[in-house]
Amino acid sequence: MALLFYPEAVGEERRIRDRVRSLAAQHLRPFALEDDALCRFRREAFEAFASEGLASVVTPKTYGGLGLPYACYYMAMSEIARASMSMAVTVGVNNLPQGALLAYANEDQKKKYIPPLCNGKAIGAFSLSEPGSGSDAASLRTKAEAKAGGYVLNGTKCWCSTAGHADLYLVMARTAEHKTGGISAFIVDKDTPGLRFGKQESKLGLAASPLGELIFEDCFIPTSQRIGGEGQGLGVALSQLDAGRIVIAAVGIGLAEETLNRLWANFSALTPEATDKNQFAEFYARLQALKSLLHVAADAKDRNTPTTTLAAQLKLLSSDLAMEVTTHAVSALGPRGVLVQNEMERLFRDAKALQIVEGTNQIQKLVLVREMDKAFKP
Ligand SMILES: Cc1cc2nc3c(=O)[nH]c(=O)nc-3n(C[C@H](O)[C@H](O)[C@H](O)COP(=O)(O)OP(=O)(O)OC[C@H]3O[C@@H](n4cnc5c(N)ncnc54)[C@H](O)[C@@H]3O)c2cc1C
C-alpha cells in the first residue's frame, strides 16, 4: 500500500520506476542504516545503478546513456532518494559533468569522457565551491595559469561531493582577473600529479555521500582537458545549476513521499491526540502539486526551453517541503522519532542539506525576484 499521485507513471517512466525500486530494495535499503552510521560510501551500489544506465538516464545513447525523457530521469532520482538520499546525491552529481560535457565539450572530449561516466567505470564530480566562494561562485580564487600546452592549477576547492571517490572532476578555476569572464572549466582525472584530497567533512546528514576538499599544487592540466573556451567556465558551471536544481527538487519530492508513506504505514503506532493529521493532509496536497510541477519542468527540459524560473521555484518549494514533512514526522512519532533504528531521524537530517545545495533557498528567492523584476521592465 502506498499514497496515490496523479498522473500515475506509465510506459518508460513506470519501467524506470520499477527497476530503480527493485535495485534500491537490493542494494540500498538493506544497508541504509549502516551506511549512515559508518559514513560509508559503497561504490558497488553506484555501479549497480550505472550498469543499467540509471546514472545517465537522459544522456544520448551515442555516448552511452539511455537517451530517455527528463520525466524518467526525475522519476529515477526520486526513487533513489526514497531509499538513500546519499546515493541520490552521488548519482545527481555524476550527471553534472555529463551535462557540461554535452553542452560545451568538443567531440573528442565527449567520446573520451562521457561513456565512462554513463557505464559506472568512472564517477563524476563537480567542483565549484571554495572556502571563500559559495553563493558568490564567481569570486573563486583557484588559479589556472597558462603554460606551454596547458595550465598549472593551484588552490583549494571545498565541499565537493564524492571527493576522493570520484574519478573525473569538473573543476572551475581562474584563468584571468575578470570576475565572471576570467573563469575556465577543466576535466581533471583523480590521479593527476599535483591533485590531492584534503579533509573529508563530517556533517549533519547525507552521511554516506562523501564531501571533501580538492587541493591543487602545481597541477598541470593539458589544454585538451579544458571544457569550452578560456573564460567560459562560469557559463559551463551555471549551465548545470538549473538542471541540478530540478534534480534536487526531484529528490526532495522523493524524500517527502517516502516520509509520508512510512508515517502512514505506521500511523497506528502514533499517539492520536498528539498527531495533527490535518497537517499531513496539507503536505500530501503540496506534494501532489510539486509532482505536477516537476512534470512541467521535465517537459520544458525535453523541449529545451529555459527553466531558470521553474528550477528555482521547484528547488525552493520541494526542499522546504522535505524539511517540513520530516520535521513534523519526527515530532509526530514522539521519542520514537529520534531513535536511529526507526530511520525517521535520518530522513530529517538528510532533508536539511537540500535547502543549501545547488544554491541556497535564499539564493532561489533572489533568482525569482530577479525574474519578477525582468517581467516588469519596460
Ligand atoms: C551536502 C553538500 C554538498 C555540496 N556539494 C557540492 C559540490 O559537489 N560541489 C560544489 O561546488 N559545492 C558543493 N556544495 C557547496 C554548496 O553549493 C554551497 O554550500 C552553497 O552554494 C552555499 O555556499 P556557501 O556554503 O559558501 O554559503 P554562503 O554563500 O557563505 O552563504 C551563507 C548564508 O548566507 C546566505 N547568502 C549568501 N549570499 C546571499 C545573498 N546575496 N542574499 C541573501 N542571502 C545570501 C546564504 O543563503 C546562506 O544562508 C555542497 C554543500 C553541501 C552542504
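The values are calculated or read from the model by the stated rules, or taken from the named source; none is laboratory data. Because the structure is predicted, anything quoted here is derived from the model rather than measured. Virtual Cβ from ideal backbone geometry, glycine too; neighbours counted across all protein chains shown. These area figures cover heavy atoms from the full protein model, side chains too; ligands, DNA and RNA do not enter into them. Shrake-Rupley method; radii C 1.70, N 1.55, O 1.52, S 1.80 Å.
Structure summary
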| quantity | calculated |
| --- | --- |
| Ala281 vs. criteria closer than 18 Å to Tyr74 by Cα, more than 16 Å from the ligand (Cβ to nearest atom) and either exposed (fewer than 13 other Cβ atoms within 10 Å of the Cβ) or free of Cβ contacts under 8 Å to residues at least 40 places away in the same chain (or both) | no |
| Members of the range 5-32 that are more than 21 Å from the chain's Cα centre (by Cα) and part of a loop (DSSP other than H, G, I, E, B) | Phe5, Tyr6, Pro7, Glu8, Ala9, Val10 |
| Residues being farther than 19 Å from Ala207 by Cβ and in contact (Cβ under 8 Å) with a residue 12 or more places away in the chain - total across the range 330-349 | 4 |
| Pick from the range 195-230, criterion touching a Leu at 6+ places or on another chain (Cβ under 7 Å) and assigned to a loop (DSSP other than H, G, I, E, B), ranking: farthest from the ligand (Cβ to nearest atom) | Glu201 |
| Options Ala312, Ala332, Ala300: the member that is surrounded by 15 or more Cβ atoms within 10 Å (Cβ to Cβ), within 16 Å of the ligand (Cβ to nearest atom) and at negative phi | Ala312 |
| The range 97-141: number of residues that are within 11 Å of the ligand (Cβ to nearest atom), at pLDDT 95 or above and not aromatic (Phe, Trp, Tyr) | 9 |
| Residue within the range 230-239 that is closer than 18 Å to Phe348 by Cα and within 27 Å of the chain's Cα centre (by Cα) present | no |
| Positions within the range 339-360 being of a type in the set (S, T, N, Q) and in a helix (DSSP H, G or I), in sequence order | Gln341, Asn342 |
| 2 or more residues closer than 22 Å to Arg226 by Cα and not assigned by TED's automatic domain parsing to the domain that holds Gln288: qualifying helices (runs of 4 or more DSSP H) within the range 33-134 | 85-104, 107-119 |
| Flag for Thr62 being β-branched (Val, Ile, Thr), under 19 Å from the mean Cα position of the chain (by Cα) and either farther than 22 Å from Asn261 by Cβ or modelled with pLDDT of 95 or more (or both) | no |
| Options Ala163, Ala185, Ala176, Ala146: the member that is surrounded by fewer than 16 Cβ atoms within 10 Å (Cβ to Cβ), in contact with a Gly (Cβ under 6 Å, 6 or more places away or on another chain) and at pLDDT 95 or above | Ala176 |
| Conditions (1) open to solvent by 70 Å² or more (accessible area, probe 1.4 Å); (2) without any contact (Cβ under 8 Å) to a residue 60 or more places away in the chain; (3) within 16 Å of the ligand (Cβ to nearest atom): number failed by Lys352 | (2) |
| In the range 335-349, residue nearest to the ligand (Cβ to nearest atom) [restricted to those that are of a type outside the set (A, V, I, L, M) and either open to solvent by 40 Å² or more (accessible area, probe 1.4 Å) or assigned by TED's automatic domain parsing to the domain that holds Ala37 (or both)] | Arg349 |
| Hits in the range 142-173 - residues which are over 21 Å from the mean Cα position of the chain (by Cα), within 16 Å of the ligand (Cβ to nearest atom) and part of a loop (DSSP other than H, G, I, E, B) | Thr142 |
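Conditions (1) touching a strand residue (DSSP E or B) at 6+ places or on another chain (Cβ under 9 Å); (2) open to solvent by 10 Å² or more (accessible area, probe 1.4 Å), marked per residue:
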position	(1), (2)
Pro30	no, yes
Ala37	no, yes
Phe41	no, yes
Ala45	no, no
Phe49	no, no
Ala71	no, yes
Thr90	yes, no
Lys110	no, yes
Asn119	no, yes
